[in-house]
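One structure below.
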Amino acid sequence: MTDALAELTVPSRLLLGPGPSNVHPRVYQAMMTPVIGYLDPAFIQLMDDTQRPLRTVFRTENDMTMPVSGTGTCGMEAAIYNIVEPGDTVVVCQNGYFGTRMADMAKRCGAEVSLVEAEWGRIIEPDQVRQALKAAGRVKAVMIVHGETSTGILQPLEEISRIAHEHGALFLVDAVTSLAGCELLIDEWGIDVCYSGTQKCLSAPPGMSPITLSAQAMEVIAKRKEPVRSWYVDMTMLGRYWGGGTTRMYHHTPPMTMLYALREGLRIVLAEGLEPRFARHQRAARALAAGLEAMGLVLHAQEGYRLPPLTTVRVPESVDDMKLRQGLLQGHNIEVGGGIAALQGQVLRIGLMGYNATAGNVLALLLALETELAKQGFRVEPGAGVAAAARALAAQA
Ligand SMILES: *Cc1c(COP(=O)(O)O)cnc(C)c1O
């Protein structure tokens, strides 16, 4: 008998699911930087070095742009708990799992929630939002998911933003999967509140959630009748810490190791450039789609609105989804996601996020998938997927 623990080991996986995605090696390296005190003058520089590139990546001039300490869901809480108070009415667009989570949070804040729904795998139409706003009367905010990781939909935002503002409502957007993977223009599209996460297209570990709020959103928060019910993500208090310069006061100990990670992740994004980075995600996703279709598989998300960092594909009738994913993991070290909630057992969710959006990963996955499908008797012409993906890559070169 011994109390000693064995050395920590985990398998080396290719993470091609809905997140987390593989962490960039340079980000791991940055995480070995020693921890310093949160009032150390050197820490001010680090905060500034994180906020400045975050504004660039969000394409915003918003003063209130910073990461909150927690995963993407923490960003969602920061956004919703600060904006919503009891008695408010909000419109929540729900065409996937994360829209459902937003609606749940808004209800917990005491809001009356008017739902705008679409099938899981189709976009929300602007007209639906217009109708809902008309019926709801005074509305505090319209909430929507930009990249729905549960369905593979990339939701167009500009027109819905205009409709929300015409009605005097704030526009609140979940960009956990889309930030740094797809075009997202906070200021130009009139987005008032937007949050993301570090573990998807930013290629850092889970643990921080970048958030940005417009001056109008901060004004709405300043006029609240009651204090924000979350102390930890009270944006007014957090703003005093992040925007306070040398006079900043203790709020909570920021997880600086995660700040080092985020800073390095952002440095990598800026060095690549936003446009080339989006193009790389698109190339990889198109190659994957071509390969999957050549294998006789059917893509799930509405054509024309597919989310490059996350592809959903239907699991064929004759195939056991769980066995397929276990085969990919155990036989090939590749993780892909299964469907959740309404799409349970029906789709695979394949992520090509940030560092992972490469031709090599697409080809490796297609080959592994072909092997595992064949084991279940789903016949694919050998190499058909890989060949089609290679042709798609060549055509886009
Ligand atoms: C992953 C994800 C979240 C939640 O982020 P966590 O880091 O899991 O807390 C929220 N919204 C979307 C669209 C996501 O993909």
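The values are calculated or read from the model by the stated rules, or taken from the named source; none is laboratory data. The shown structure was predicted, so the numbers you read here are calculated from the model rather than taken from an experiment. Positions of Cβ are generated from backbone atoms using ideal geometry, with glycine treated the same way; all protein chains shown enter the neighbour counts. In case anyone asks, the SASA skips ligands and DNA or RNA and just uses the protein heavy atoms, side chains included. Shrake-Rupley method; radii C 1.70, N 1.55, O 1.52, S 1.80 Å.
Of the residues T56, T50, which is of a type in the set (S, T, Y), surrounded by 20 or more Cβ atoms within 10 Å (Cβ to Cβ), more than 16 Å from the ligand (Cβ to nearest atom) and within 21 Å of the chain's Cα centre (by Cα)?
On the way: T56 fails: surrounded by 20 or more Cβ atoms within 10 Å (Cβ to Cβ).
Step by step, each of T56, T50 is checked, and only T50 is of a type in the set (S, T, Y), surrounded by 20 or more Cβ atoms within 10 Å (Cβ to Cβ), more than 16 Å from the ligand (Cβ to nearest atom) and within 21 Å of the chain's Cα centre (by Cα).
Tally up the residues in region 163-188 that are over 20 Å from L352 (Cα atoms) and within 13 Å of the ligand (Cβ to nearest atom), please.
Here the count works out to 2.
In region 79-96, is there at least one residue being within 16 Å of the ligand (Cβ to nearest atom), open to solvent by 70 Å² or more (accessible area, probe 1.4 Å) and either at negative phi or in contact with a helix residue (DSSP H, G or I) (Cβ under 6 Å, 6 or more places away or on another chain) (or both)? No. Six or more apart or on different chains, Cβ under 7 Å: which pairs go from a residue in region 70-95 that's over 16 Å from Q216 (Cα atoms) and in the same structural domain as M237 (by TED's automatic domain parsing) to one that's within 12 Å of the ligand (Cβ to nearest atom) and basic (K, R)? Could you list them? That search, which allows pairs on different chains as well, returns M76/R101.
Scanning region 63-103 for residues that are under 20 Å from G197 (Cβ atoms) and among the acidic types (D, E) returns a single hit, E77.
Per the conditions (1) in contact (Cβ under 8 Å) with a residue 40 or more places away in the chain; (2) out of contact with any Phe, Trp or Tyr (no Cβ under 9 Å at 6 or more places or on another chain), the sole criterion not satisfied by M31 is (2).
If a residue must be more than 16 Å from the ligand (Cβ to nearest atom) and surrounded by 12 or more Cβ atoms within 10 Å (Cβ to Cβ), how many such residues does region 1-26 contain? Spell out how you get there, then give the answer.
Going residue by residue through region 1-26, those that are more than 16 Å from the ligand (Cβ to nearest atom) are 1-14, 24-26.
Keeping just the survivors that are surrounded by 12 or more Cβ atoms within 10 Å (Cβ to Cβ) gives 13-14, 24, 26.
Here the count works out to 4.
Within region 316-349, which residues are open to solvent by 20 Å² or more (accessible area, probe 1.4 Å) and part of a loop (DSSP other than H, G, I, E, B)? Selection gives P316, E317, S318, D320, N333, I340, Q344, G345, Q346.
Quick check on P67: is it surrounded by 12 or more Cβ atoms within 10 Å (Cβ to Cβ), outside the structural domain of M249 (by TED's automatic domain parsing) and within 16 Å of the ligand (Cβ to nearest atom)?
Criteria not met by P67.
Selection of helices (runs of 4 or more DSSP H) fully inside region 189-305 by the criterion of at least 3 residues being away from the ligand (no atom under 16 Å from the Cβ) and open to solvent by less than 30 Å² (accessible area, probe 1.4 Å) returns 235-242, 256-272, 274-294.
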